[in-house]
Amino acid sequence: NLSNFTISSTITEDFSASSTSSTATGKPFTIIGGNPDGYWTGAASKDWFNCSNWEGFSVPDSSIDVTIPLVASNECEVNRTTSTYALSYGDSAKCRSLTVDDQKLTIGTANDVLKSWGDVSIVTGGILDMTSGGNLLLAGDWVNLGSNFTEGAGTVIFNGVNQNISAE
């Protein structure tokens with residue numbers, strides 16, 4: 001994860017032929033980190049497996065909370081058939097928890113898998129589309145605050161302990 005940090009610099013240059021040096025100290029500046037890893041930007045495409053679509057340029061794994069926000073440039077899609085990067089990630093998308101917030105996440109085909117080790121939340125305006133199939137393996141709770149789940153030919157497999165399902 002990116003964090004806030006300050007960088008200061010000291011510049012030493014030789015300003016004369018007699019090797020008398022001078023020191024100039026720059027003003028401190030702060031670089032403020034962006035969103036956490038697991039924040040979907042969709043900057044390059046809709047491909048979940050393309051690291052250029054994620055804050056921090058890192059495709060999430062089972063330890064990363066994922067947010068698919070409204071402000072993303074593209075919708076998000078888990079589709080190992082169309083992705084040139086899926087094989088590098090074992091052909092399945094992974095996250096600790098998933099929040100789809102005013103944006104669309106599609107699990108593309110019957111062979112596509114998204115594994116969540118935590119909760120899945122579909123926030124008002126968010127859409128989880130499994131029309132063409134796919135599998136969502138869920139170890140946490142299911143929270144649907146927007147009733148925008150299109151199961152289609154897809155399957156949600158609850159494989160946790162004491163899981164809760166809530167919807168509005």
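Nothing in this text is a laboratory measurement; each read-out follows from the coordinates by a stated rule. Computed from a predicted model, the values in this text were never measured in an experiment. Cβ atoms come from the backbone with ideal geometry, glycine included; neighbour counts cover every protein chain shown.
Give me the number: length gained by fully extending Tyr85 to Val71, i.e. 0.36 nm times residue separation minus the C-alpha to C-alpha distance, one decimal in nm.
Taking 0.36 nm per residue and subtracting the Cα distance, the gain is 2.7 nm.
Tally Lys and Arg at +1 and Asp and Glu at -1 over the other residues with C-beta under 14 Å from the C-beta of Val156: what net charge comes out?
-4
Taking 0.36 nm per residue of separation and subtracting the Cα-Cα distance, what length does fully extending Glu151 through Gln163 add?
2.4 nm
For region 110-168, calculate the relative contact order in percent as a whole number, restricting contacts to Cα pairs under 8 Å that are 6 or more residues apart.
The normalised contact order for region 110-168 reaches 37 percent.
If the cut-off is a Cα-Cα distance under 20 Å, which lysines reach Lys104, setting aside same-chain residues fewer than 8 apart in sequence?
Lys46, Lys94, Lys115
Can you run phi through the Karplus equation (6.51, -1.76, 1.60; θ = phi - 60°) for region 76-83 and list ³J(HN,Hα) in whole Hz, with x for Gly and Pro?
Computed from phi, the couplings for region 76-83 are 10, 9, 9, 8, 6, 6, 8, 8 Hz.
Among 67-73, 106-112, what's the highest-first ranking by average C-beta atoms within 10 angstrom per residue?
My ranking of the peptides, most packed first, is 106-112, 67-73.
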